[in-house]
Amino acid sequence: MTDDLTRLSAADLAAHLVTGDVSSVDATQAHLDRVADVDGAVHAFLHVSGEDALATARDVDARRAAGEDLHPLAGVPIAVKDVVVTKGIPTTAGSKILEGWVPPYDATLVERLRAAGLPILGKTNMDEFAMGSSTEHSAYGNTSNPWDLGRIPGGSGGGSAAAVAAYEAPLAIGTDTGGSIRQPGAVTGTVGVKPTYGGVSRYGLIAMASSLDQAGPVTRTVLDAALLHELIGGHDPRDSTSINEPLPLLVDAARQGAAGDLRGLRIGVVTELNGEGYQAGVSARFAESLEVLQGLGAEVIEVSCPHFRYALGAYYLIMPSEASSNLAKFDGMRFGLRVEPEDGPVTAERVMAATRGQGFGDEVKRRIILGTYALSAGYYDAYYGSAQKVRTLIQRDFDAAFAQADVLVSPTAPTTAFRFGEKLDDPLAMYLNDVATIPANLAGVPGMSLPNGLSDDGLPVGFQILAPVKADDRLYRVGAALEAALENTWGGPLLDRAPELEVSR
Amino acid sequence: MSTQTQVDLVDYDEAVRRYDPVIGIEVHVELGTLTKMFCAAEVEFGGEPNTQVTPVSLGLPGALPVVNGKAVEYAIRIGLALNCEIAESCRFARKNYFYPDVPKNFQTSQYDEPIAFDGWIDVELEDGTVHRVEIERAHMEEDAGKNTHVGGATGRIHGAEYSLVDYNRAGIPLVEIVTRPITGAGERAPEVARAYVQTLRDIFRALDVSEARMERGNVRADVNLSLRPTPESPLGTRTETKNVNSFRSVERAVRYEVSRQAAVLDAAGTVTQETRHWHEDTGITTPGRVKSDAEDYRYFPEPDLVPVAPSRDWVASIKASLPELPVARRRRLQQEWGYADAEMRDVVNAGALDLIEATVTAGTSPAGARKWWMGELARRAKQTDTELAAMSVTPEQIAQLQGLVDSGRINDKLARQVLEGVLAGEGDPEQVVVARGLEVVSDDGALLAAIDDALAAQPDIVEKVRGGNLGPVGAIIGAVMKATRGQADAGRVRALVIERIG
């Protein structure tokens, strides 16, 4: 029995649950208590589903007592980003337009969580429809970074990252369209993985950009991410873009990597994702991490991906184009918010306009307008068409780079967490946060961010690892090796250095 | 430009003397799959509103489409039957527009990559003339839901108090077949248009890809028409008349547009390129509403679906399994049955082909089967204004009836009475014969008694016959037939009379 169940990694908590010295009800209640204690300040959750979670926990405990064979993570509570639909639990995607909507079905990944017996603690805050890098675009208020409550927790999945960093949940689900798992991971000192496109079912993810969206694990350790990734990943016949092949062995790769031997591994440093525009402390930690990896036997080489400099431009055409179409269904006709025009006739067209006008926030409208324009007759070839060509060139850059190196690495984000409001009025500055994470989404390759130290400002920095499509196991091998070596020098997890949050009860 | 309140029309015959009509037809057919195009919602006609839906067909947040493999197979069947190329790989696209009957506010359709393209089909007019129609493409898409406007006088949206949407139809798989401009039909353009749609309907049924019931909207046609001064002139401006949903209407709509456009051109006006509505009741077309965001559907490839890439082996196996198509079948049956061209055409036009084939299969000669269906039954069908196939008699019963005649148990005249009994629901011909006591009297004793009575009543006839004049025998036969209420075999009576007189 440990003093504070919320400080355990998911793997350690699961081990206690298996031996029976901790019950899932105890573990779940401990996390619900922690949410009650600190979420007033952090505001990671939009909805806490305590009863639902405890019911699952009781069920798991009973099944375990009956000697049933359970999933390794059975009974370990989890938080779910509010962009993932959960049957019976309100789902808003951070938007007013879905306020009060209770989905009648579960996302495939949620079905898998429930089937494995993970109590769902609640739904986490996010930028509206996952559009943003700071969670400031949520229609329901900011989430604070547990390292400094005056700073952003990254975005769009700031709620999931903050919940894990603040020990409100050992595990969380995020989604990553241009960096929304990895960048929050970097600025909160947590681990986030964007799987290979098609590796985790998108069925039940409220789509922003269908060809870029991918759900993945948000955790405090690399091993926990592997455990969760294996649970939610794998083929789903309800998602046509889901890969119909078994996942690589991720947990094994994480365990193997933690042994610390990277001999024979070639690591490519992407020239275009380093140097100018990166905060000094970020670059310094990155360089140190490379030395650590070399110390574990890896060979470090430099690779160039010349078309990456067009990635941000291509991304801001493809993503809004798809989003403008994906978000068309929010019209007040079938679900969610419905606004009738104040005066004049109540026609379908006018109700749709009033609903969308009132229900969507500024960033969402900005992207819908961008995308609608980019897809318009006469502009399609110049914008969407050209962007798709750039995408192909970026995929070729990756192919060439992976012919030289087993994995590619870069800092995850150019800076540490910025203050609230700092970039809110400058969309381009906000978009630049994702410059290092976007190429992976455009090419469909998997990526991980893990903490690799603190910058000069005392805030966490993230290290990004990218692997070829369907070779997600390489992320875990390299990530676990680096994590183990760094924690060895730090004398424990980086999060141990985060300030204690004031308990509000 | 003239704003016409009173629409001028040029007499059709006059119009086609001076202008060459060019038609183009888009036919939508609802596929008869068990489930929808992109989800497992079941499809059944006439269900309670909004009961045949899933998160996918309701367009709920998070839902994703998956292509129905059966629908792809059906689309390929249609493509192959229309002599099309089948794409090695093709994609779906999103057609974006806001309308409440489209749950996602985009329709998932095929745009620049149809599954089938570059085909043709021969259509036969009623007089046997064959016209080849070239097919540009056949592509897959999903149907929209159905709006019902409540509270207005017309059932249209204008003046309605509110509207209801039923999403049962939303997501039902459709194949849209688009022709190239159909030229060279001249004055027969309306007939060609009708025959083309009818031919497609027959093909859909033969392929078993759709119930293809026009009255249920399983098959819907949009008719494009333009006029040009001569067949050598460039194509004129076309109009598209939407939702022309019966064969007869297809023909009428083409005729109407020819007359209307001719009047516009005669007045030195320009035909407006537009969508028009067909009015079944008045037989006219009127301009459709001009959409504000005219026609920019912002098509782009559907990112939620991977390309459809039917393997060549699969396409080959579908091709091998295609049933005989209607035209080929008609040719084969005509040859087997030895019908003349005109006879065959009449059979087809009367809707008697399947009935005759089944009757022949049940053992009747082709001539015998045709005699019943195109004679007595066709006459009765016409009298009661019913379809032949809807008559309450089966091909098997007709075969049994003819069998009774062939075996001599009844004669033609009795057979008509038996048929009457069958149609009245008295059972199979055998049962009617027994119940009504209609069997031919073949008992010589009974016949001889009747003959003796007749001879005794007309002694002069006996003398004449004995004198070598066989003519008056007929009178005796008539009397015997009358006495036996027609149930005697006339041939046998004749033989017995002659024998009796000696």
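Things to note:
- In percent, rounded to a whole number, the relative contact order of region A:365-505 is 21, using alpha-carbon pairs under 8 Å and six or more apart.
- Spin-label zone in region B:346-372 - amide nitrogen under 18 Å from a point set 7 Å from the Cα of B:A390 along the C-beta vector: B:349-355
- By the Kirkwood approach, averaging reciprocal distances over each pair of separate Cα atoms, region B:358-502 gets a hydrodynamic radius of 16.8 Å.
- Virtual paramagnetic centre 7 Å along Cα→Cβ of B:E343, amide N under 15 Å, in region B:368-412: B:368-376
- Region A:382-505: C-alpha gyration tensor shape, a/c 1.5 cut-off, then a/b vs b/c: oblate
- Straight-line reach from B:K482: taking Cα to Cα under 30 Å and skipping same-chain neighbours fewer than 8 places apart, the lysines in range are B:K371, B:K413, B:K464.
- Helical content of the protein assembly as shown, expressed as a calculated mean residue ellipticity at 222 nm, amounts to -12000 deg cm²/dmol (DSSP H runs of 4 or more residues, -39,500 (n - 2.57) each, divided by residue number, nearest 500).
- Dipole of region B:444-501, positive direction: furthest Cα of B:G486, B:V497, B:Q458, with charges on the beta-carbon: B:G486
- Hydrophobic long helices, here whole DSSP H runs in chain A with Kyte-Doolittle means of at least 1.6 and Cα atoms spread over 24 Å or more along the helix axis, are not found.
- Cα lying deepest toward the dipole's positive end in region B:411-502, options B:G467, B:V440, B:N411, charges on Cβ: B:G467
- Per-selection Rg to Rh, region B:326-436 - Cα, Kirkwood hydrodynamic radius: 0.97
- For the protein assembly as shown, the spread of Cα positions along each principal axis, largest first, Å: 142, 79, 58
- For A:A287 and B:D313, the FRET efficiency from 1/(1 + (r/R0)^6), where r spans their Cβ atoms and R0 equals 51 Å, is about 0.35.
- Here the Karplus relation 6.51 cos²θ - 1.76 cosθ + 1.60, evaluated at θ = phi - 60°, turns the backbone of region B:59-74 into coupling constants of x, 5, x, x, 6, 10, x, 9, 5, 6, x, 5, 5, 5, 4, 4 Hz, with x for every Gly and Pro.
- Take every Cα pair under 8 Å whose residues are at least 6 apart in sequence, average their separation, divide by the length of chain B, and the relative contact order is 14 percent.
- Nearest 10 degrees, 0 to 90: helix B:412-423 Cα axis against chain B principal axis: 50
- Estimated translational D of region B:444-501 in µm²/s (Stokes, Kirkwood radius over Cα pairs; 4 °C; 1.567 mPa s): 118
- Residue pairs, from the table A:K365/B:K95; A:K389/B:K319; A:K329/B:K36; A:K87/A:K470; A:K81/B:K70, whose Cα atoms sit over 25 Å apart: A:K389/B:K319; A:K87/A:K470; A:K81/B:K70
- Our estimate of slack between B:A40 and B:T484, defined as 0.36 nm per intervening residue step minus the Cα-Cα distance, is 153.1 nm.
- For A:K470, the residues whose modelled amide H falls within less than 5 Å of its own, excluding neighbours fewer than 5 places apart on the same chain, are A:T196.
- A:N244-B:Q417 FRET efficiency (beta carbon distance; Förster radius 51 Å; 0.05 resolution): 0.15
- Phi angles of region A:200-207 translate, via the Karplus equation with coefficients 6.51, -1.76, 1.60 and θ = phi - 60°, into HN-Hα couplings of 10, 4, 8, 5, x, 8, 5, 6 Hz per residue; Gly and Pro are given as x.
- Region B:242-290-region B:34-72 distance, computed between alpha-carbon centres (Å): 35
- Counted by neighbouring Cβ atoms within 10 Å, the residues A:H43, A:H31, B:H279 run from fewest to most as B:H279, A:H43, A:H31.
- Candidates A:A436, B:V66, A:A484 compared by Cα position along the dipole of the protein assembly as shown: farthest toward the positive end lies B:V66, with charges placed on Cβ.
- Whether region A:355-395 is rounded, prolate or oblate, judged on the alpha carbon gyration tensor where a/c under 1.5 counts as rounded: oblate
- Peptide A:202-209 shows a mean partner chain C-beta count of 4 within 10 Å per residue C-beta.
- Phi-based couplings in Hz for region B:298-303 (Karplus 6.51, -1.76, 1.60; Gly and Pro marked x): 6, 4, 8, x, 5, x
- Counting Cβ atoms of other protein chains within 10 Å of each Cβ in B:61-73 and taking the mean gives 6.
- For region B:12-292: relative contact order, % (alpha-carbon pairs under 8 angstrom, 6 or more apart): 23
- Spatial separation of Cα centroids for region A:1-67 and region B:337-414, in angstrom: 80
- Region A:165-196 residues near the modelled A:D426 label - backbone nitrogen below 13 Å, point 7 Å along Cα→Cβ: none
- Angle between chain B longest axis and helix B:395-406 axis [Cα atoms, degrees, rounded to 10]: 20
- Cα gyration tensor shape of region A:1-122, rounded if a/c is under 1.5, else prolate or oblate by comparing a/b with b/c: oblate
- For B:K146, the aspartates and glutamates whose Cα comes closer than 15 Å to its Cα, not counting residues fewer than 8 places off in the same chain, are B:E30, B:E44, B:E48, B:D101, B:D166.
- Summarised as an ellipsoid, chain B has semi-axes of 59, 28, 22 Å, derived from the eigenvalues of the Cα gyration tensor scaled by 5 and square-rooted, with the largest first.
- Part-to-part distance (alpha-carbon centres) for region A:163-233 and region A:103-117, which is given in Å: 16
- When chain A is reduced to its Cα atoms, the Kirkwood hydrodynamic radius in Å: 22.5
Read-outs: derived from the displayed coordinates by stated rules, not from any lab. Keep in mind the model is a prediction, meaning the values are calculated, not measured. For neighbour counting, all protein chains shown are included, and Cβ atoms are generated from backbone atoms with ideal geometry for every residue, glycine included.
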